[in-house]
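K.L.:
Have a look at the structure that comes next, please.
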Amino acid sequence: MTALAALLQYAIYQTQQRTLDFTTTRECTVNTTTAPDIAAIAIALAAPFAETEIRWKPASITKDGKRALAIAYVDARTVIDRLDEVFHLDGWEDAYECQPDGSGVCTLTVKVDKYISKMDVGAPSDQPDEGDRKKAAFSDALKRAAVKFGIGRYLYRLKSQWVDWDQQKRQFVKTPTLPPWALPATEKLTSFNLTARGATKPTNGRPTKNGNAMPLLYDGQKAGEA
């Protein structure tokens, strides 16, 4: 069992201990009769990637060429792997459209309790080959659409990080670091006690943002909340 599969199994167990009620206080709790997997899927989609999956690029370089602002990202293949792990091969699909300016639009559709689609636009690269520029636009569009499902969204919350830059080699002198909360939990989820009510998911030091064990995905919205 992969770590993500174990996380998904654990999250499903967590959601089965609560009752969903969206009509009164908007607090997200779970009822086993009302699609409890949705909140669990949201947790699995938003889970941090392994540090080896994270890529870094310079967003800005100082005039002397010695320091660069490091931006973390994941490539399109990593996003595809996450979609396959959570939804399996037949649980999602993507479609693309080319725009006159060279950008690409991705429509990403997943099957949960129903089909849900998110769209976003990706920018082309500055490569000389038109096919490579189009491929870059589609990859960028896929990653942006996936962020709307929570995949890699946490990377946008990382604090600005200036790192030593090798202007000649055009690379960071040392790989930038991630805070503990942006790393996968180290506790083995495969050994959790299914009879232990109220067990909490390991956070790797990330502050708890609400009191019902459901993570906040963005701007106060809880996993599973409309």
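K.L.:
Before we move on, is residue 143 surrounded by 17 or more Cβ atoms within 10 Å (Cβ to Cβ), of a type in the set (Lys, Arg), outside any loop (DSSP other than H, G, I, E, B) and under 10 Å from the mean Cα position of the chain (by Cα)? Working first, answer last.
P.N.:
Details: surrounded by 17 or more Cβ atoms within 10 Å (Cβ to Cβ): yes; of a type in the set (Lys, Arg): yes; outside any loop (DSSP other than H, G, I, E, B): yes; under 10 Å from the mean Cα position of the chain (by Cα): yes.
Considered against the rule, which asks whether it is surrounded by 17 or more Cβ atoms within 10 Å (Cβ to Cβ), of a type in the set (Lys, Arg), outside any loop (DSSP other than H, G, I, E, B) and under 10 Å from the mean Cα position of the chain (by Cα), residue 143 comes out as yes.
K.L.:
Can you tell me which of 67, 82 is surrounded by 12 or more Cβ atoms within 10 Å (Cβ to Cβ) and farther than 20 Å from residue 182 by Cβ?
P.N.:
On the way: 82 fails: farther than 20 Å from residue 182 by Cβ.
None of the others qualify; the one that does is 67.
K.L.:
I'd like to know if the stretch 166-179 contains one or more residues that are in contact (Cβ under 8 Å) with a residue 24 or more places away in the chain, closer than 17 Å to residue 45 by Cα, under 23 Å from the mean Cα position of the chain (by Cα) and surrounded by fewer than 17 Cβ atoms within 10 Å (Cβ to Cβ).
P.N.:
Scanning the stretch 166-179 turns up no residue that is in contact (Cβ under 8 Å) with a residue 24 or more places away in the chain, closer than 17 Å to residue 45 by Cα, under 23 Å from the mean Cα position of the chain (by Cα) and surrounded by fewer than 17 Cβ atoms within 10 Å (Cβ to Cβ).
K.L.:
Residue 134 versus (1) farther than 17 Å from residue 100 by Cα; (2) not in a strand (DSSP E or B): which is the lone unmet condition?
P.N.:
(1)
K.L.:
Can you say whether residue 95 is surrounded by fewer than 16 Cβ atoms within 10 Å (Cβ to Cβ) and in a strand (DSSP E or B), as far as the supplied structure shows? Spell out the reasoning first.
P.N.:
Values: surrounded by fewer than 16 Cβ atoms within 10 Å (Cβ to Cβ): yes; in a strand (DSSP E or B): yes.
When the stated conditions are applied, residue 95 passes them.
K.L.:
Restricting the search to the stretch 37-88, which residues are free of Cβ contacts under 8 Å to residues at least 24 places away in the same chain and among the acidic types (Asp, Glu)?
P.N.:
Hits for the stretch 37-88 are 64, 81, 84.
K.L.:
For the stretch 67-90, which residues satisfy the criterion of being in a loop (DSSP other than H, G, I, E, B) and in contact with a helix residue (DSSP H, G or I) (Cβ under 8 Å, 6 or more places away or on another chain)? Steps first, please.
P.N.:
Within the stretch 67-90, the subset in a loop (DSSP other than H, G, I, E, B) is 74-75, 88-90.
Hits for the stretch 67-90 are 74, 75.
K.L.:
Then there is this: Tell me which of these residue 113 doesn't satisfy, since it passes every other one: (1) more than 26 Å from residue 59 (Cα to Cα); (2) of a type outside the set (Gly, Ala, Ser); (3) at pLDDT 95 or above.
P.N.:
Of everything listed in (1) more than 26 Å from residue 59 (Cα to Cα); (2) of a type outside the set (Gly, Ala, Ser); (3) at pLDDT 95 or above, residue 113 misses just condition (3).
K.L.:
Among the numbered conditions (1) out of contact with any strand residue (DSSP E or B) (no Cβ under 7 Å at 6 or more places or on another chain); (2) surrounded by 13 or more Cβ atoms within 10 Å (Cβ to Cβ), tell me where residue 108 comes up short.
P.N.:
(1)
K.L.:
Quick check on this structure: which one of 136, 68 is at negative phi and not assigned by TED's automatic domain parsing to the domain that holds residue 166? Give the derivation first.
P.N.:
Working: 68 fails: not assigned by TED's automatic domain parsing to the domain that holds residue 166.
136 is the lone residue from the list that is at negative phi and not assigned by TED's automatic domain parsing to the domain that holds residue 166.
The values are calculated or read from the model by the stated rules, or taken from the named source; none is laboratory data. On a predicted model such as this, the values are computed, not experimentally measured, just so you know. Virtual Cβ from ideal backbone geometry, glycine too; neighbours counted across all protein chains shown.
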